Amino acid sequence: LVKISAFFKDGKFDKNTYVNVLKQNRRTSKEFEAQLKQDLLIAKVQNIFNLPLSSNEIANIGQLIYSQDKVSISIIDAKNTTIRPALSELEEYWEGVKSNYKSPAGYEINYTKVDSIDGKTKKEMRKIALKLYLKLKRDEKKFADSKTIYNASDFLTGENFDKVIKSTSGETLKPIYENGNYYIVELVSKIAPKVLPFEKVKSEIGYAFIADAKDKILDTKTKDVMDNFKGVDIGYISRDKQPTVAGLTDDEIAQLTEKIFRSKNQLGSVKLLDKAVVYKITDSRFIPYNNENDNTIITSVSDIKTNLISSSLLAELKNRYEVQSFTGSK
């Protein structure tokens with residue numbers, strides 16, 4: 001308890017600080033110390049199960065992780081596929097996706113800007129703005145300007161923008177400070193998003209149509225290749241040994257390798273940006289383990305081993321005993 005820095009004063013434990021901190025967090029010393037005992041007990045129990053990996057475990061897991069698969073692949077590239085949709089096809093496509101093409105939500109506002117006055121502090125300017133706010137709220141004065149703002153507005157930003165959109169129509173907000181000036185804002189109305197007309201989004205619809213069409217072509221060709229697979233042998237690959245493959249970038253090869261070692265199937269495919277790769281594992285082999293990877297294996301596998309044991313223990317304890325919480329407030 002006396003080692004917890006939150007309770008220090010002048011570099012050492014201070015009882016008054018301890019009591020005050022607990023009081024601020026609505027805790028009693030009895031509750032806190034009971035929780036501390038529980039935490040220490042759990043830490044001791046968890047430490048019992050913090051079992052190091054044996055050299056045999058490291059070697060066996062290392063052989064499994066860094067095993068090699070011999071792979072044949074077939075690359076299907078849709079990059080140069082030419083698709084020229086007719087206007088009627090685009091219109092039909094738009095009908096199915098038009099709910100994704102809407103105008104942004106807008107907010108009609110009235111506002112008056114209170115310009116800063118030389119020699120006046122921010123606090124003094126707020127008092128001036130508050131007097132004007134009361135007159136505007138009582139309709140004793142009219143707003144100077146009006147405009148429509150959107151989510152990407154640079155007129156009001158962050159919390160100030162949130163205040164406006166969360167207000168109700170006809171509500172006059174207290175002075176808002178933005179970019180060195182005060183603004184008094186009244187929300188007139190909220191403009192709901194509307195579906196944009198086809199002519200306005202025709203170019204975007206065209207790009208989306210072509211992308212979807214290419215995607216469907218890739219899916220069809222991928223299925224055909226998988227049904228009648230004849231690939232090119234690229235040799236043995238592993239998690240730490242990636243081949244050079246004509247037609248694939250290093251990033252695409254990395255995605256392919258990850259998919260192969262995550263898959264449970266001998267035959268599969270991975271879809272990339274504008275291409276797909278069908279692969280078939282034709283052989284697998286273990287290689288002599290290189291202990292240069294010990295640290296990587298110990299770091300990842302030890303945590304998994306400890307967490308599995310701890311989780312099992314806690315699940316068993318939960319079945320046997322009532323769970324108590326020390327985080328509730330009174």
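Of note:
- Positive end of the dipole of the chain (Cβ unit charges, origin at the Cα centre): among 263, 179, 203, the Cα lying farthest that way belongs to 179.
- Anchor residue 221: aspartates and glutamates whose Cα lies under 15 Å away (excluding residues fewer than 8 positions away in-chain): 77, 212, 274
- Spin-label zone in region 168-191 - amide nitrogen under 16 Å from a point set 7 Å from the Cα of residue 130 along the C-beta vector: 173-177, 182-184
- Candidate aspartates and glutamates for bridging to residue 70, where Cα separation is under 15 Å - those fewer than 8 sequence places away on the same chain excluded: 233, 240, 258, 283
- For region 236-330: Kirkwood Rh in Å [reciprocal of mean 1/r, alpha carbons]: 17.8
- Note: relative contact order over the chain, using C-alpha pairs below 8 Å and six or more positions apart, is 29 percent.
- Placing unit charges on the Cβ atoms of the charged side chains and taking the dipole of region 223-301 about its Cα centre, the candidate lying farthest along the positive direction among 295, 272, 229 is 229.
- Distance cut-off 19 Å, percentage of C-alpha pairs in region 158-209 lying past it: 50
- Computed over Cα pairs, the Kirkwood radius of region 122-233 leads via Stokes-Einstein (0.890 mPa s, 25 °C) to a diffusion coefficient of 129 µm² per second.
- Across region 204-330, the relative contact order, built from alpha-carbon pairs under 8 Å that are at least six residues apart, equals 18 percent.
- With semi-axes defined as the square roots of five times the eigenvalues of the C-alpha gyration tensor, the equivalent ellipsoid of region 40-95 measures 58, 26, 5 Å, largest first.
- Taking the square roots of five times each eigenvalue of the Cα gyration tensor of region 171-237, the equivalent ellipsoid has semi-axes of 56, 21, 10 Å, listed largest first.
- Pairwise Cα separations in region 160-290 fall into 5 Å bins from 0 onward with the following percentages, short to long: 2, 7, 12, 12, 10, 7, 6, 6, 6, 7, 8, 7, 6, 4, 2, 0.
- Taking the convex hull of the alpha carbon positions in region 1-105 and averaging its projected area over all directions gives 20.4 nm².
- Candidate aspartates and glutamates for bridging to residue 131, where Cα separation is under 15 Å - those fewer than 8 sequence places away on the same chain excluded: 115, 139, 140
- Its Cα centre serving as origin, the chain has a Cβ charge dipole (Lys and Arg +1, Asp and Glu -1) of approximately 1860 debye.
All of the numbers you see were taken from the coordinates with simple rules; none came from a lab. Since this is a predicted model, take the numbers as computed values, not measurements. Because the Cβ atoms are built from the backbone with ideal geometry, glycine has one as well, and the counts that use them run over all protein chains shown.
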